[in-house]
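Single-structure report; data block below.
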Amino acid sequence: MIKKYISAIVCGFGAGVLQIVPLLKSFACCLFIPFAAFLSLLLDQRANKSIERITAKKAFTFGLLTGIYAALFGSVFEILITFITKHNDIIAAFPQMQKMIEGFPVSSDVKQDVLKLFQNIREDLITKGFSWLYTLTIFLNNFLVNSIFGIAGGLIGAQILNNKLNKRSDEN
Amino acid sequence: MRRSYSIILFFILFIWFAGIFANFFVKLDENLLYAIPFLKKNYSLVCHQDEHKLISFASTNTFVCARCTGIYLGLLFTSAIFLLFKTAKKMELKFLILASMPMISDVILHSLNFYPYSKTIAFTTGLLFGSVGFLYLYNGLNQLFIEIKR
């Protein structure tokens, strides 16, 4: 089972890491995960020396798995790095976020509530390096977004690869 | 693909696209403010959120850059058209390549400082890519449903 989907694991790992590396993170793009899903299909095709058309079911599975592995590795690494360094985006961007929230035309009670909520998360992260709410958010966000983008990448990627196969068979 | 699936797809894209403008909706319901930092973090997964590349309106920013906004609007726009006109033609790869060329060229040229970053160019090239990209996504989903039914 693992061997069958090894390319999805490898590409998911790569995409997950790219999502959390500080410098590379600034190049984050909506095409990272779809490209990883496409790459997992391509690697699988090359590894098996397959010349068969990729079915949509296979593309869906590889895309979903790439997304899930990217979310898993990305979330675990982000939580681990935060735990070790006791520093992350939320802490760094807190003053900016504070300014942003204060700029909204809403009642001061709501603003105070929201700031208190994030102040608690920030304090937990600085003192313990861990916050339940933060961890839950990271996992939920990563799994939902990466899975959907992975599926889209898999389905579009399969058409690109099938198109190449069609061309090759036309030439022969 | 059945019309009901097309409608679901349209609504998923609509919710995703509306989320980009969540900052603007806080004025309508102040409780949305609780979700804003989480949404910002959510969209950071798919966009660098560089402040000078975000679309600003009435001193409020979108959650993704002009290019990404263009891509998602393109996807939404084409999905809306597909609700009205049901077509499932097999797409040639060259259309996707052609549609992505302006976007890739823009990324390369402004990264190499040939010209400064332009939100209009980024948005337009993204829009073109998103509009054409949806056709491939739709075809892929269509194929998936056919295979599942078999």
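The values are calculated or read from the model by the stated rules, or taken from the named source; none is laboratory data. Model, not experiment: these values are computed from the prediction. Backbone-built Cβ (ideal geometry, glycine too); neighbour counts: all protein chains shown. All accessible areas refer to the heavy atoms of the entire protein, side chains included, with ligands and DNA or RNA removed. Shrake-Rupley method; radii C 1.70, N 1.55, O 1.52, S 1.80 Å.
A simple spin-label model places the labels of B:Asp50 and A:Leu136 3.6 nm from each other, with each point 7 Å out along Cα-to-Cβ. Length available on full extension from B:Phe85 to B:Phe145: 0.36 nm per residue minus the Cα-Cα distance, which gives 19.7 nm. Calculated accessible area for the protein assembly as shown comes out at 53 Å² per residue, all protein chains present (probe 1.4 Å; ligands, DNA, RNA ignored). Remark: mean inter-chain Cβ contacts per residue of A:105-113 equal 3, using a 10 Å Cβ-Cβ cutoff to other protein chain atoms. Counting Cβ atoms of other protein chains within 10 Å of each Cβ in B:65-72 and taking the mean gives 2. Assuming a ≥ b ≥ c are the square roots of the Cα gyration tensor eigenvalues, decide whether the range B:82-122 counts as rounded (a/c under 1.5), prolate (otherwise, with a/b larger than b/c) or oblate. Oblate.
A Cβ-based charge dipole, computed about the Cα centre of the protein assembly as shown with Lys and Arg at +1 and Asp and Glu at -1, lands at about 1140 debye. Here is the tail figure for the range A:45-103: Cα pairs spaced more than 13 Å apart come to 75 percent of all pairs.
Stokes-Einstein at 37 °C, 0.692 mPa s, Kirkwood radius from Cα pairs: D for the protein assembly as shown in µm² s⁻¹? Value of D from the Cα-based Kirkwood radius: 157 µm²/s.
For the peptides A:120-126, B:139-145, A:107-113, the ranking by mean Cβ contacts within 10 Å, running from highest to lowest, is B:139-145, A:120-126, A:107-113. Per the Debye calculation on chain A with a single equal scatterer at every Cα and no solvent contribution, log₁₀ I(q)/I(0) for q = 0.08, 0.10, 0.11 Å⁻¹ amounts to -0.34, -0.49, -0.57.
Placing dummy labels 7 Å off each Cα toward the beta-carbon, the span from B:Tyr115 to A:Lys49 is 4.9 nm.
Dipole orientation for chain A: of the candidates A:Leu24, A:Ala93, A:Gly14, A:Gly14 has the Cα lying most toward the positive pole (charges on Cβ; Lys, Arg +1; Asp, Glu -1). Taken as Cα centroids, the range A:44-59 and the range B:11-81 sit 36 Å apart, rounded to the nearest whole angstrom. Take the residue pairs A:Lys49/A:Lys167; A:Lys116/B:Lys41; A:Lys57/B:Lys53; A:Lys86/B:Lys40; A:Lys164/B:Lys119 and return only those whose Cα atoms are more than 26 Å apart. In this structure, A:Lys57/B:Lys53; A:Lys164/B:Lys119 exceed 26 Å between Cα atoms.
Which is farthest toward the positive dipole end of the range B:37-150 among B:Ile146, B:Ser56, B:Thr124, measuring Cα position about the Cα centre, with Cβ charges +1 (Lys, Arg) and -1 (Asp, Glu)? Most positive-ward Cα: B:Ile146. In the range B:21-150, the C-alpha radius of gyration followed by the widest Cα-Cα span (Dmax) gives 17.3, 53 angstrom.
Applying the Karplus relation 6.51 cos²θ - 1.76 cosθ + 1.60 with θ = phi - 60° to the range B:124-133 yields 3J(HN,Hα) values of 5, 5, x, 4, 5, 5, x, 4, 6, x Hz, where x marks Gly and Pro. Restricted to Cα atoms, the range A:78-157 shows a radius of gyration and a Dmax of 15.9, 49 angstrom. When +1 charges are put on Lys and Arg Cβ atoms and -1 charges on Asp and Glu Cβ atoms, the dipole computed for chain B relative to its Cα centre reaches about 600 debye. For the peptide B:37-43, the mean number of other protein chain Cβ atoms found within 10 angstrom of a residue's Cβ is 6. Computed from point charges on the beta carbon alone (+1 for Lys and Arg, -1 for Asp and Glu), the dipole magnitude for the range B:1-86 about its Cα centre is near 380 Debye. The A and B chains share an interface that buries close to 3500 Å² of accessible area, total over both sides, probe 1.4 Å.
Which of the listed residues, A:Gly153, A:Asn166, A:Ser108, is farthest toward the dipole's positive end in the range A:95-172, when Lys, Arg count +1 and Asp, Glu count -1 at the beta-carbon? Farthest towards the positive end: A:Asn166.
Taking each DSSP H run with n ≥ 4 as -39500 (n - 2.57) and averaging over every residue of chain B yields -22500 deg cm²/dmol at 222 nm.
For B:Gln49, the residues 5 or more places off, or on other chains, whose built amide H falls under 5 Å of its own are B:Cys65.
Summing Lys and Arg as +1 and Asp and Glu as -1 over all other residues whose Cβ lies under 14 Å from the Cβ of B:Lys149 gives a net charge of +2. Residues of the range A:117-161 with accessible area at least 30 Å² lower in the all-protein-chain context than alone (1.4 Å probe)? Output list: A:Phe118, A:Thr137, A:Asn141, A:Val145, A:Phe149, A:Leu155, A:Ile156, A:Gln159, A:Ile160.
Contact order for the range A:31-154, expressed relative to its length and based on alpha carbon pairs under 8 Å spaced 6+ residues apart, stands at 52 percent.
Take each peptide in B:56-67, B:28-39, count the other Cβ atoms within 10 Å of every residue, and average; sorted highest first, the result is B:56-67, B:28-39.
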